[in-house]
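The structure appears below as structure tokens.
The values are calculated or read from the model by the stated rules, or taken from the named source; none is laboratory data. Here the structure is a predicted model, which means the values were calculated and not measured. Neighbour counts run over all protein chains shown; Cβ positions are idealised from the backbone, glycine included. The area values use the complete protein model at the heavy-atom level, side chains included, leaving out ligands, DNA and RNA. Shrake-Rupley method; radii C 1.70, N 1.55, O 1.52, S 1.80 Å.
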Amino acid sequence: MGKGSACMTDQYNIEIQRPVRARRGDSKLIVVVTDSQSKELFRDRADLNEEKSRTRVAKGIAGITGDTAEAIAGRLLDNLGHLPPPASPVSRGRAIPGGQSAPYPYEATEARSIPTDRGRHLQDSGLAITSEIDRITVPVNNRFMREITADAIEALGRTNDPPRIFCRGTALVRLMNEEDSLSAEPLNSPALKGELDRSADFVKIKTRNNGDVVEQVREPSRPPQDVVNDILSQPRLPFPVLSGFATTPIFLPGGILLDMEGHDPGSGIYLRLRGLGGVRSDLSLDDARNLLVSELLVDFPFAEQASQANAIALLLLPFIRPLITGATPLHLFDAPTRGTGKGLLADVISVVATGSPAHVMSLPRDDDELEKRITAALLAGRQVIHLDNVRRLESPSLEAVLTTTLWEGRRLGKSEMVRAPNNATWLATGNNVEMSDEMNRRTVLIRLDAGVEAPEERSGFKHPLPAWAIEHRGDLVSACLSIVMHWIDAGKPRSDANLGRFEEWAAVMGGVLGVSGVSGFLGNRGAQRVQDSESREWVVLCQAWWEMFEALPVTAKDVLSLARYQNLLLEYWGGRKDLGAQQRIGAALGKRRDRIFGRYRIRPASTGATGGNAYRLEKIEVGDKTPKTPETPSDLAAGQNSRRLADTKSGVSGVSGVLVGDGSDDGPDVMVVD
């Protein structure tokens with residue numbers, strides 16, 4: 001069918017259409033009546049400009065709709081003014097019987113707006129009203145893909161108010177506004193196809209012969225798969241940016257308090273308060289601090305004041321995160337044994353910030369698997385990410401995500417790389433957790449110690465947690481907001497506290513705690529280094545190294561023998577043959593070049609006699625952090641030392657020499673190399 005116009009009764013749609021092809025001088029039009037299910041009930045062809053023909057058609061329609069023939073005739077006459085002009089004889093459509101071509105299908109339909117009071121308004125577009133939401137008709141045949149893609153994106157945009165579809169990093173996501181959580185779901189191909197089908201009417205325009213008239217008909221269709229793929233591949237889409245979620249009022253840059261629910265276009269934050277009412281930001285500093293310290297955290301056995309201060313900083317972090325430029329560290333809840341309250345403390349902090357316990361994630365051994373889990377959590381916009389039952393913190397992916405605000409990783413089940421903002425609060429819990437030196441500097445320690453053999457059997461707590469925190473969440477949120485507001489009113493002073501790669505976080509959080517009267521922030525960094533078992537072993541190794549060789553150059557074979565004798569760095573040589581162990585020790589020395597362990601710095605030395613790399617120690621005087629590298633004496637070439645340590649008392653394969661020593665355990669045996 002050709003272009004047309006429409007009018008509606010409460011239950012029926014009356015559409016006037018101009019035939020695609022008619023004989024010269026023929027002024028007849030096609031009148032079609034359909035019900036609310038788009039079922040055709042009436043069709044006639046007549047010259048509506050003639051009163052007789054118009055009355056005949058009106059009587060036929062009145063018999064269906066129940067209206068008077070006069071009313072229907074008046075509507076038909078009024079609607080003739082909305083009828084588009086005849087199509088041009090020159091068109092881009094496909095050929096039809098008679099040697100001419102049908103008009104280009106897209107010219108047969110235009111955008112339509114669907115009102116809420118369906119059936120009572122005539123739209124400017126002149127198209128029939130078929131739904132209660134804004135929806136356009138998108139023809140999918142005989143068109144360029146780029147044109148269909150543009151219409152499909154426009155359809156999504158028209159129905160995206162209030163926003164439910166967002167751009168998060170490089171991914172297109174939709175809002176998952178569930179009762180107990182707020183997250184984003186990446187739109188894959190099936191999900192996007194469903195969203196498109198609910199946002200627009202995708203149709204195929206076909207022609208059919210009706211006597212001597214060739215008519216165009218619309219057949220329902222599905223969103224084309226190539227269009228779906230094209231949308232998902234677009235680098236930029238015209239949808240709101242989603243930077244993160246918040247379930248409490250949150251402070252934006254400049255000290256502005258965001259407390260209006262919904263999506264904030266300026267910050268990209270989607271706020272849902274989940275029934276949180278009666279929240280204030282004007283509590284006195286003493287009342288706010290006492291509510292957190294003397295009520296919420298009173299029963300947790302913090303090992304020292306610094307751990308409590310670090311926990312309060314973590315509690316305030318979600319309320320002030322947009323004011324911190326850069327990344328934030330991992331907060332580790334550590335204890336000597338199970339049942340001390342690590343997981344409970346993590347849940348309580350998450351309840352205050354989000355209204356529910358944090359989503360728990362294990363730390364897999366496979367780093368590729370961890371990379372995909374991190375990507376999925378950040379695409380979902382998790383506010384708090386909790387790594388539970390951690391034994392050792394050492395992971396390249398975890399190290400990377402903690403020092404960036406824009407993460408790039410692979411998605412679960414796919415090999416594609418996506419980017420997502422990282423503004424989550426990172427937690428980890430475990431018992432006597434060991435850390436690599438890289439993770440140690442990215443971690444803030446919150447140590448709990450109940451001082452009893454079975455801490456899970458303790459009783460007599462002031463409040464039943466987390467139930468009490470859930471019940472009094474409004475008061476606890478008010479306390480956090482008030483503390484931050486006092487800091488803003490004081491001019492947002494910054495602290496002298498410092499943590500490499502997290503300087504902004506340390507300065508802001510230290511300043512907030514300083515105003516609130518909480519001391520000890522980051523005061524347990526020295527004790528935390530003890531949990532870096534690898535660095536501790538290197539400190540012991542360097543001490544033994546200096547006692548044996550002082551500043552003389554040594555090779556990886558010498559260091560391997562020393563490590564075996566001292567039973568250190570077992571992960572490098574345990575269960576391996578001499579050559580493989582020596583290569584791993586050599587690689588470890590290369591990675592630690594110029595690093596300081598205790599009072600010694602590992603320096604590269606001249607090449608050994610066998611052509612391998614050599615290293616020496618440089619003793620650091622107290623207070624000297626950056627000593628200059630002295631020239632290596634040419635007569636101290638590696639491999640020519642007068643002293644070497646044997647790895648076993650029976651000798652080392654490939655080394656000729658004589659063991660000097662009595663075989664006792666009083667001290668190391670020394671091999672004199674020929």
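Under the 0.36 nm per residue contour assumption, what length would be gained going from the current alpha-carbon distance of Glu219 and Asn431 to full extension? Intermediate results must be reported in sequence, preceding the final value.
Details: separation 212, 0.36 × 212 = 76.32 nm, distance 6.45 nm.
Full extension from Glu219 to Asn431 adds 69.9 nm.
If each residue of separation counts as 0.36 nm, what is the full-extension length gain between Asp212 and Glu178 once their alpha-carbon separation is subtracted?
6.5 nm
Can you grab the distance from the C-alpha centre of region 427-449 to the C-alpha centre of region 196-222, Å, no decimals?
Spelled out, the Cα-based centre of one part sits 64 Å from the other.
Once amide H atoms are built 1.01 Å from N in the peptide plane, which residues 5 or more positions from Leu522, or in another chain, come under 5 Å H to H?
Result for Leu522 returns Asn310.
Taking all protein chains in place and a 1.4 Å probe, what share, in percent, of the accessible surface of region 490-553 do carbon and sulfur account for?
Here carbon and sulfur together make up 48 percent of the probe-accessible area.
Under the rule of at least 5 residues apart or a separate chain, name every residue whose amide H is placed under 5 Å from the amide H of Ala303.
Arg447, Leu448, Asp449
Please compute the per residue accessible area over region 445-504 with all protein chains in place, 1.4 Å probe, rounded to a whole number of Å².
That works out to 53 Å² for each residue.
Hey, what do the phi angles of region 241-258 turn into as Karplus ³J(HN,Hα) couplings, whole Hz, using 6.51/-1.76/1.60 and θ = phi - 60°, x for Gly and Pro?
Computed from phi, the couplings for region 241-258 are 8, 10, 8, x, 10, 8, 10, 9, x, 9, 8, 9, x, x, x, 7, 9, 8 Hz.
For each pair in Lys52/Lys204; Lys342/Lys619; Lys28/Lys204; Lys372/Lys462, compute the distance between the two Cα atoms and list the pairs where it is over 30 Å.
Lys52/Lys204; Lys342/Lys619; Lys372/Lys462
Give me, ordered by chain and number, the residues 5 or more places off Val138 or on other chains with an amide H under 5 Å from its own placed amide H.
Asp201, Phe202, Val203
What part of the accessible area of region 141-189, given as a whole %, is carbon or sulfur when the probe is 1.4 angstrom?
Values: 1080 of 2210 Å².
So the carbon and sulfur contribution to the accessible surface is 49 percent.
Report Rg (one decimal) and Dmax (nearest whole number) for region 438-581, counting Cα atoms only, units Å.
For region 438-581, the Cα radius of gyration and maximum Cα-Cα distance read 23.8, 67 Å.
Find the accessible area per residue for region 228-289; the probe is 1.4 Å, ligands and nucleic acids are left out, and the unit is Å².
Value returned for region 228-289: 50 Å² of accessible area per residue.
Can you give me the accessible area per residue for region 528-576, using a 1.4 Å probe, in Å²? Provide the component values of the computation, followed by the final result.
Values: 2060 Å² over 49 residues.
Solvent-accessible surface per residue comes out at 42 Å².
Using mean Cβ contacts within 10 Å as the protection proxy, how do 440-451, 183-194 order, highest first?
Working: 440-451: 21.8, 183-194: 17.0.
Descending mean neighbour count gives 440-451, 183-194.
What's the ranking of 224-233, 273-282 by average number of surrounding C-beta atoms within 10 Å, highest first?
Working: 224-233: 16.2, 273-282: 13.6.
Listed from highest to lowest mean packing, they are 224-233, 273-282.
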